[in-house]
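A short worksheet on the structure shown next.
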Amino acid sequence: MNADGTNPAPLTAKLYVAAEDTHRWPVFLPDGDRFLFWAGTFGSTADNRTNGIYVSSLAALEKKLLIPARSNAAYSNGQLLYVDGKRELIAVSVDVPHAKVTGESRVLAEGVAYQPSVYWGAFTAGGNGTVVYSTSTAAALSVLTWYDRTGKELGRVGDPGVLSNPAISPDGSRAAVDIADLKANNVDIWIDDLKRATSSRFTFDPAEEVSGVWSRDGSLAGLSLKRRNWDRALNKEGVGPYA
């Protein structure tokens, strides 16, 4: 990309390997050439050693693993910062040019806010050594609510929860909605029967399933993100043409 923001081009597209789904959370280092980023696969187990924080550069586009992790990264005064599986903010000395850890890790803070669906911790660091982080994991509760065209509330569907991406079936009888289970750090799709005022869980996989999409015949045709075995999901709850 030019300095004025024109002509953007993929930077790490040629660095993908078969075990990776995404590259994200880039952080440039003080030299303006090298940068850190996270590479891996969401929903993988904690012992996946290819998920981690990598270093690359604009001059020599290759990537080297600095440390296995499921977290974004920050860098300050020779210290690499990330969040571990216990939601602890960790700092460790690194030799970036040689892509290796040079010291023992230490805990800077506990209970750091963390989004397990995308492996992102709420922290950052300045070049002067200042570290800022959040411990709040509060999520806004909401409930599906019907309104008429004038904005008058007509009724509510289901119970309050951490809801997102509601999708109403073509015949208007059901709604698919993402509901977060904060204790399990997971999101599943639930089906609300709008006529019977009942709700049933649709997906059960440990991976996160979101954004149900209805087909024209009323079946829940697809779930984005981690779910790819649609038929197994459809059969589980008897939704759509498999009922």
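The values are calculated or read from the model by the stated rules, or taken from the named source; none is laboratory data. Every value quoted in this text rests on a predicted model; they were computed, and no experiment measured them. Cβ coordinates were reconstructed from backbone atoms using ideal geometry, including for glycine residues, and neighbour counts include every protein chain displayed.
Hand me the list of strands (runs of 3 or more DSSP E) wholly inside region 80-151 holding 1 or more residues that are farther than 30 Å from PRO166 by Cβ.
Numbers: elements: 89-95, 106-109, 123-125, 131-133, 142-147.
So the answer is 89-95, 106-109, 123-125, 131-133.
For VAL83, indicate whether it is under 30 Å from LYS195 (Cα atoms), of a type outside the set (Ser, Thr, Tyr), touching a residue at least 40 places away in the same chain (Cβ under 8 Å) and buried (at least 17 other Cβ atoms within 10 Å of the Cβ). Talk me through it step by step, then tell me what you get.
On the way: under 30 Å from LYS195 (Cα atoms): no; of a type outside the set (Ser, Thr, Tyr): yes; touching a residue at least 40 places away in the same chain (Cβ under 8 Å): yes; buried (at least 17 other Cβ atoms within 10 Å of the Cβ): yes.
Here the answer is no, as VAL83 does not meet what is asked.
Pairs meeting the criteria (first residue in region 155-183 and of a type in the set (Lys, Arg), second residue outside any strand (DSSP E or B), beta carbons under 9 Å, at least 6 apart or on different chains) are ARG174/LEU194; ARG174/LYS195; ARG174/GLY218; ARG174/VAL239.
Name the residue that is farthest from TRP146 (Cα to Cα), counting only residues in region 191-218 that are among the acidic types (Asp, Glu) and not in a loop (DSSP other than H, G, I, E, B). Walk me through how you get there before you give the answer.
So in region 191-218, the residues among the acidic types (Asp, Glu) come out as 192-193, 205, 208-209, 217.
Narrowing further to those that are not in a loop (DSSP other than H, G, I, E, B): 192-193, 209.
On the way: ASP192: 13, ASP193: 14, GLU209: 25 Å.
Here the answer is GLU209.
For region 32-61, taking the residues that are under 19 Å from VAL101 (Cβ atoms) and assigned to a loop (DSSP other than H, G, I, E, B), the one that is modelled with the highest pLDDT is identified as ASN51. Considering every residue within region 172-193, establish whether at least one is surrounded by 14 or more Cβ atoms within 10 Å (Cβ to Cβ), of a type in the set (Lys, Arg) and modelled with pLDDT under 85. Within region 172-193, not a single residue is surrounded by 14 or more Cβ atoms within 10 Å (Cβ to Cβ), of a type in the set (Lys, Arg) and modelled with pLDDT under 85. Of all residues in region 42-59, those that are within 17 Å of GLU208 (Cα to Cα) have Cβ atoms under 8 Å from Cβ atoms of residues that are among the aromatic types (Phe, Trp, Tyr), 6 or more apart or on another chain, in PHE42/TYR119.
Only one of the listed residues (VAL112, VAL132) is within 30 Å of LEU29 (Cβ to Cβ) and surrounded by 15 or more Cβ atoms within 10 Å (Cβ to Cβ). That residue is VAL112. For region 211-222, taking the residues that are under 23 Å from ALA184 (Cβ atoms) and buried (at least 20 other Cβ atoms within 10 Å of the Cβ), the one that is modelled with the highest pLDDT is identified as GLY212.
Identify, from the list LEU66, LEU80, LEU61, LEU108, the residue that is under 15 Å from GLY40 (Cβ atoms) and more than 18 Å from the chain's Cα centre (by Cα). Steps first, please.
Working: LEU80 fails: under 15 Å from GLY40 (Cβ atoms); LEU61 fails: under 15 Å from GLY40 (Cβ atoms); LEU108 fails: under 15 Å from GLY40 (Cβ atoms).
From the options LEU66, LEU80, LEU61, LEU108, the qualifying one is LEU66.
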